[in-house]
Amino acid sequence: LTETSIDEIKTRSSAEVKKWFLNEFGNGNIASGKNFLIFNVANQFIDNFLQQELLMIKQGKQIKILLLEHDLETLVEFEGIDFPVCLKGQVDRIDEVDGVIRIIDYKTGKVVQNELIIKDWDLITSDYKKYSKSFQVLFYALLYSRTYNLELNITALDSGVISFKNLRSGYLRVNNRRISKEDLDNFIIQINKLLLDIFYPEKYIIEKEVNFIS
């Protein structure tokens, strides 16, 4: 990315947003009311994000876009499961900044750094509220590292979130540091436990109790 390319994207961004709004909502009116407000918020989010990209470039950062909305898929052998399991997911963006590969998931809501700190690996597959974001981007890191046979002691890899309602915090990384082999080893252990719960025939998946109001 360059200052020129960002400026060129900015001239086209509003028209691109409008195209996708019309594609999604058909003949829905985006010239007034709630749709108009949402349309303008989307434009503002994108403008703020492009300004942040531009600031990074002006600070001397070298940003290279590698992949966008990229499908990843890999087969993994897990202990206690008699067949390989296919893991797959779609990553919003994979780029390289000053030689560090970043796996990025965009979030339209507000995310803060504390939501990506893993304090207890045993809870990462069970405490959805606390660890869902860490789980997601670690899952992408696992897929990417396996797909491209990365050696993390050689290739620097980050995985994290860009929150459009918290752009000031920039790129929020899992555990606020680079992904290590130990991170992925710990994650694989927890994925293994989760898959054993799913595939082990003597166990049942118990749905949480739901209270219905008649």
Looking at segment 122-134, which of its residues are hydrophobic (A, V, I, L, M, F, W, C) and open to solvent by less than 50 Å² (accessible area, probe 1.4 Å)?
I124
Any idea which of (1) closer than 15 Å to I162 by Cα; (2) at pLDDT below 95; (3) in a helix (DSSP H, G or I) is the one S134 doesn't satisfy?
(2)
Go through the residues of segment 43-51 one by one and say whether even a single one is over 26 Å from D158 (Cβ atoms), assigned to a helix (DSSP H, G or I) and in contact with a Ser or Thr (Cβ under 6 Å, 6 or more places away or on another chain).
yes
Which ones in segment 74-91 are touching a Leu at 6+ places or on another chain (Cβ under 7 Å), under 20 Å from N149 (Cα atoms) and in contact (Cβ under 8 Å) with a residue 12 or more places away in the chain?
T74, V76, F78, V85, C86, L87, K88, G89, V91
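Go through segment 99-121 and give me each residue that's in a strand (DSSP E or B) and surrounded by 16 or more Cβ atoms within 10 Å (Cβ to Cβ). Spell out how you get there, then give the answer.
Keep residues of segment 99-121 that are in a strand (DSSP E or B), which gives 100-107.
Within segment 99-121, I101, R102, I103, I104, D105, K107 qualify.
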Sort out which residues of segment 160-200 are open to solvent by less than 30 Å² (accessible area, probe 1.4 Å), in contact with a Leu (Cβ under 6 Å, 6 or more places away or on another chain) and either closer than 30 Å to M56 by Cα or free of Cβ contacts under 8 Å to residues at least 24 places away in the same chain (or both), and write them in order of number.
G160, V161, L172, V174, I179, L184
Mind checking which residues of segment 55-98 are open to solvent by 80 Å² or more (accessible area, probe 1.4 Å), of a type in the set (A, V, I, L, M, F, W, C) and within 20 Å of the chain's Cα centre (by Cα)?
L68
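Just to be sure, is L50 touching a residue at least 40 places away in the same chain (Cβ under 8 Å), closer than 30 Å to Y148 by Cα and open to solvent by 60 Å² or more (accessible area, probe 1.4 Å)?
Values: touching a residue at least 40 places away in the same chain (Cβ under 8 Å): yes; closer than 30 Å to Y148 by Cα: yes; open to solvent by 60 Å² or more (accessible area, probe 1.4 Å): no.
Against the criterion (touching a residue at least 40 places away in the same chain (Cβ under 8 Å), closer than 30 Å to Y148 by Cα and open to solvent by 60 Å² or more (accessible area, probe 1.4 Å)), L50 does not qualify.
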Look through I65, I57 and report the one residue that is among the hydrophobic types (A, V, I, L, M, F, W, C), closer than 20 Å to T11 by Cα and assigned to a strand (DSSP E or B).
I65
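The values are calculated or read from the model by the stated rules, or taken from the named source; none is laboratory data. Since this is a predicted model, take the numbers as computed values, not measurements. As a convention, Cβ positions derive from the backbone with ideal geometry for all residues, glycine included, and neighbour counts pool all protein chains shown. All accessible areas refer to the heavy atoms of the entire protein, side chains included, with ligands and DNA or RNA removed. Shrake-Rupley method; radii C 1.70, N 1.55, O 1.52, S 1.80 Å.
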